[in-house]
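The values are calculated or read from the model by the stated rules, or taken from the named source; none is laboratory data. Here the structure is a predicted model, which is why all the values come from computation and not from measurement. Quick reminder, even Gly has a Cβ in these numbers, built from the backbone with ideal geometry, and neighbours come from all protein chains shown. These area figures cover heavy atoms from the full protein model, side chains too; ligands, DNA and RNA do not enter into them. Shrake-Rupley method; radii C 1.70, N 1.55, O 1.52, S 1.80 Å.
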Amino acid sequence: MVISVTSVAAEIDAFEFEPDIPQVLTPVRLQQPLAEVPAAVTVITAEQIRLWGAADIPSLFRFVPGLFVARELDSNRTSVVYHSGEVSLARRLEVLVDGRSVYKASFANVDWDQLGIALQDIERIEITRGPSAASYGMNALQGVIHIITRHPADSARLRLNGSFGSEQRPQFYASISQQGAQQQSRLSLFGWREGEHGGYHADAGDQGGFPDLRQVRGLNWSGAWQVDMDNELRWQIGRQQLQRDYLADSNFQTDSPQQTAQSDLGWLRWRSQRSADHEVQLQAYWQADNSEVDYHACAPSMAFDAQLSELYQQHPQLAEKLGYGLMPLQNPALSSSERSAITQLYQGLAAGVFDAAQLQQGLGLTAAVTAGEYSSAQQIVQRAVAANALDQMLCGRGDLDVYEQRFDIELQDTRRWSEQLRSVQGIGLRRDLVNSATYLQGEVRNDQWLAFASAEYRPAPPWLLSAGLMAQYQSEEEVSYLPRLALNYLPAADQSIRVQYSRSRRTPDIAERYLNGRAVLTDLSSNYLNLDQGGLFINANADSWRDGLRDERIQAWELGYFLHLPQAALQLDIKVFREQLDDLIGSNVTLNSASLANEGQMTLKGVESQLQWQPSGNHSIWLALLRQQRDSSRAGELLLGAESSARLVWTHSAEQQEQMLGILWDANRQNNDSGQGRYRQQRLLARWSWRTWLGEWSLSSQYDALPEQVLYETTPRWLNRLGWQMSW
């Protein structure tokens with residue numbers, strides 16, 4: 001069962017007098033039994049996390065209807081999408097940790113390796129499967145994942161946990177807590193590693209395969225001070241370090257970019273129970289991520305000519321042909337005739353042997369070359385020819401560093417006005433600061449103001465009307481209003497029929513709006529341009545598309561049925577949905593981005609269901625099903641996701657032993673051009689644990705029937721893990 005608490009005393013009472021129907025808080029910011037929630041919600045408890053044997057947080061979402069999990073092959077970073085999406089554009093779910101948004105303002109994504117918490121400290125996860133912008137703002141386009149950590153008062157005084165898995169996957173966790181009458185605290189140390197020492201992974205050929213190195217080490221100090229029976233202060237302070245390899249651009253980088261990141265957080269929440277019908281909450285937090293990505297690169301020296309960069313602004317195709325046209329000269333397998341042809345082309349341009357029209361035809365350009373552009377190209381090539389440096393390579397060090405901070409403060413007021421009406425309302429301010437010399441040429445600030453209100457009204461005992469509205473304003477944008485309206489009919493206290501309509505938006509991120517990127521190298525090798533520092537001629541700037549870029553939009557309808565049978569220990573939720581997404585931004589922001597536009601739309605409709613059943617006190621069944629139809633104007637939006645999906649888990653818990661068997665199956669009918677084939681999933685999971693006087697031991701296994709065959713997956717056929725934990 002799931003409880004939402006407001007104080008230590010309330011928490012104790014909740015466990016002593018546990019309601020029949022589980023309670024959740026996330027969907028509309030009001031504590032509600034699941035029968036009265038106006039949306040489909042999945043709750044994953046700490047007990048389920050242990051029984052399922054998940055090694056990391058994203059693995060838990062494989063058990064949730066409609067959620068799909070995959071890895072970005074260029075970085076081994078995890079992506080999570082709801083219903084459908086593209087791995088590199090997984091940016092339509094808001095993710096909260098104890099109310100703290102970890103959705104990044106820079107590139108509109110969630111880095112699941114940088115949450116700042118340990119899996120073992122999670123009390124429960126509440127997943128709202130549907131648009132939630134009315135409660136949490138524009139970036140909750142398709143839903144909200146809210147990770148809630150354990151209260152320090154519920155922690156063991158000392159806990160140790162460790163495991164070692166195949167494919168070089170060690171993991172450790174240790175926590176110590178202090179328990180007092182009014183104050184409690186917990187200090188947690190955690191870390192894991194996947195892969196060993198990295199290596200060179202290139203995007204052309206099979207040089208080293210895909211990156212596999214991920215390593216995390218962190219600490220988190222969580223505390224609570226019970227001022228009195230009606231007032232409580234909670235806090236968290238944490239630091240985490242991350243190391244990860246990226247895929248190299250073999251045309252430019254000579255080693256794999258190595259990412260090292262440090263994440264810091266400070267979080268405070270004061271909650272005051274002013275009366276039985278009135279609660280006030282003030283929350284503030286600061287978090288910072290300092291990501292440093294270093295690499296070594298080489299390119300033809302002419303590619304760093306400042307005049308070539310100016311030509312790129314006037315005629316990108318001509319500049320690319322000139323800058324990259326010298327790359328084949330570095331290939332030792334190039335024939336002498338091919339080498340001579342390239343050299344003669346550049347020497348002819350330098351000498352003015354052919355005119356602008358002939359240059360256009362010779363290079364195969366689609367756009368005409370003006371006299372001024374021809375003159376610039378000639379001057380650029382003349383310098384290289386005069387120095388006899390057409391085949392000269394310039395090498396140096398570069399970086400993709402990004403430093404971002406977030407300051408957030410929010411005041412929330414919850415009131416019960418009568419037996420029929422209660423509401424929650426609040427205001428908040430968020431400031432995001434992103435600094436990157438490579439992507440932004442400095443610092444960019446984005447301020448967001450928000451005001452929200454949600455109310456539920458019961459006009460008659462079986463009817464419950466719910467409405468919500470978010471007003472949100474951010475820098476250089478108009479105020480956006482994001483509504484939600486829902487109606488629940490409860491023929492009995494343990495079942496309900498609901499219908500909901502909602503609209504959400506995703507505002508373009510900082511990189512999409514303010515990109516000003518260029519690859520700059522330092523510590524340069526000797527070159528004819530006499531540069532100590534130089535920028536590659538290619539540069540990307542959002543000025544060309546910023547004014548025309550709009551918010552991504554979604555309109556969603558949901559018809560649901562919830563049933564809870566306490567006598568049979570059965571809980572069922574069925575959802576029929578239709579989601580219309582418009583103005584989708586269909587490209588990822590990179591240093592090569594030439595344009596960005598709202599060029600996509602997608603329609604998702606289908607049915608999903610979730611069943612929890614305890615046929616006996618020791619056995620439990622979890623079943624999640626999805627059947628959907630996906631249509632999109634962009635094929636990329638259909639790469640990650642499936643038309644049919646089933647996740648079945650059986651667990652058995654006894655005094656000395658626990659067992660788990662699971663089946664994960666996804667079927668995707670969409671085709672793609674990747675050599676790995678479309679996204680699918682066919683996995684078997686098993687876990688067995690036994691308790692001894694030396695602690696609890698566990699053995700987990702995962703069998704992948706499609707190893708190395710699935711788009712965005714590089715999993716081996718078998719993954720095994722041996723674990724141990726002990727608490728005092």
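Within a Cβ distance under 15 Å of Ile237, other residues only, what is the Lys/Arg minus Asp/Glu net charge?
Working: positive: Arg100, Arg186, Arg234, Arg239, Arg269; negative: Asp98, Asp121, Asp264.
Combined, the nearby Lys, Arg, Asp and Glu give +2.
Just check the stretch 67-174 against the gyration tensor rule for me: Cα atoms, a ≥ b ≥ c as the square roots of the eigenvalues, rounded for a/c under 1.5, and otherwise prolate or oblate depending on whether a/b exceeds b/c.
Oblate.
Taking the Cα-to-Cβ direction at Ala568 and at Leu282 and moving 7 Å from each Cα, how far apart do the two end points lie in nm?
In this crude spin-label approximation the distance works out to 5.0 nm.
Please list, in order along the stretch 506-519, the HN-Hα scalar couplings obtained from phi with the Karplus expression 6.51 cos²θ - 1.76 cosθ + 1.60 (θ = phi - 60°), rounded to whole Hz, x for Gly and Pro.
Couplings: 10, 6, x, 6, 5, 5, 5, 9, 10, 3, 8, x, 7, 7 Hz.
In the chain, which longest range has no GluC sites (Glu not before Pro) that are both DSSP loop (not H, G, I, E or B) and surrounded by at most 13 other Cβ atoms within 10 Å?
Excluding the exposed sites themselves, the longest stretch runs over 197-418.
Taking the Cα centre of the stretch 507-611 as the origin, how large is its charge dipole in debye, to the nearest 20, when only Lys and Arg (+1) and Asp and Glu (-1) carry charge on their Cβ atoms?
160 debye
To the nearest 10 square angstrom, how much accessible area does Phe210 have with a 1.4 angstrom probe?
The value for Phe210 is about 90 Å².
Can you pull the percent of the chain's accessible area that's carbon plus sulfur, 1.4 Å probe, other chains left in place? Present the calculation step by step, with values, prior to reporting the outcome.
Details: 15970 of 29680 Å².
Percent of accessible area from carbon and sulfur atoms in the chain: 54.
Would you work out which of Leu604, Leu213, Leu30 lies farthest towards the positive end of the dipole of the chain, given +1 charges on the beta-carbon of Lys and Arg and -1 on that of Asp and Glu, about the Cα centre?
Most positive-ward Cα: Leu30.
Starting from the Cα gyration tensor of the chain, take the square roots of the eigenvalues, sort them a ≥ b ≥ c, and report rounded, prolate or oblate (rounded when a/c is under 1.5, otherwise prolate if a/b is larger than b/c, else oblate). Intermediate results must be reported in sequence, preceding the final value.
Working: a/c = 2.01, a/b = 1.77, b/c = 1.14.
Judged from the Cα gyration tensor, the chain comes out prolate (a/c at least 1.5, a/b above b/c).
Which ³J(HN,Hα) values in Hz, rounded to whole numbers, follow from the phi angles of the stretch 526-538 under the Karplus curve 6.51 cos²θ - 1.76 cosθ + 1.60, where θ = phi - 60° and Gly and Pro get x?
After applying 6.51 cos²θ - 1.76 cosθ + 1.60, I find 4, 8, 6, 7, 6, 9, 8, 8, x, x, 4, 4, 6 Hz.
Got a sec? Charge dipole of the chain, +1 on Cβ for Lys and Arg, -1 for Asp and Glu; which of Ala635, His296, Ala568 is way out at the positive end?
Ala568
Which whole-Hz couplings ³J(HN,Hα) result when phi for each residue of the stretch 402-409 is put into the Karplus expression 6.51 cos²θ - 1.76 cosθ + 1.60, θ = phi - 60°, listed in order with x for Gly and Pro?
9, 10, 9, 10, 9, 10, 9, 9
Run the numbers for Glu167 and Tyr481: contour at 0.36 nm per residue of separation, minus the present Cα-Cα distance, in nm.
108.2 nm
Calculate, for the stretch 555-604, the solvent-accessible area per residue in square angstrom, rolling a 1.4 angstrom probe over the heavy atoms of the protein chains.
Per residue, the stretch 555-604 has 41 Å² of solvent-accessible surface.
Taking amide H positions as placed 1.01 Å from N in the peptide plane, with prolines and chain starts having none, which residues 5 or more places from Leu706, or on another chain, fall under 5 Å of its amide H?
Result for Leu706 returns Gln682.
When the helix-only estimate is applied to the chain (DSSP H runs of n ≥ 4, each -39,500 (n - 2.57), divided by the residue count), what is the mean residue ellipticity at 222 nm, nearest 500 deg cm²/dmol?
Computed ellipticity for the chain at 222 nm equals -3500 deg cm²/dmol.
Have a look at Gly180, Ile21, Pro615 and report the one farthest towards the positive end of the charge dipole of the chain, computed about the Cα centre with Cβ charges (Lys/Arg +1, Asp/Glu -1).
Pro615
Report, in debye and to the nearest 20, how large the dipole of the chain comes out about its Cα centre when Lys and Arg carry +1 and Asp and Glu carry -1 on their Cβ. Write down the numbers at each step before the final one.
On the way: 62 positive and 85 negative charges, 261 e Å.
Dipole size: approximately 1260 debye.
Quick one: accessible area per residue over the stretch 336-379, 1.4 Å probe, rounded to a whole number of Å²?
On the way: 2390 Å² over 44 residues.
About 54 Å² of surface per residue is accessible.
Which of rounded, prolate, oblate describes the stretch 491-559, given a ≥ b ≥ c as roots of the alpha-carbon gyration tensor eigenvalues and a/c under 1.5 marking rounded, otherwise prolate only if a/b is larger than b/c?
Numbers: a/c = 8.39, a/b = 3.49, b/c = 2.40.
Verdict is prolate for the stretch 491-559.
Can you give the charge dipole size of the stretch 590-645 about its Cα centre, rounded to the nearest 20 debye, using +1 on the beta carbon of Lys and Arg and -1 on the beta carbon of Asp and Glu?
It works out to roughly 80 debye.
List the relative contact order of the chain as a percent without decimals, with contacts defined as Cα pairs under 8 Å and 6+ residues apart.
12 percent
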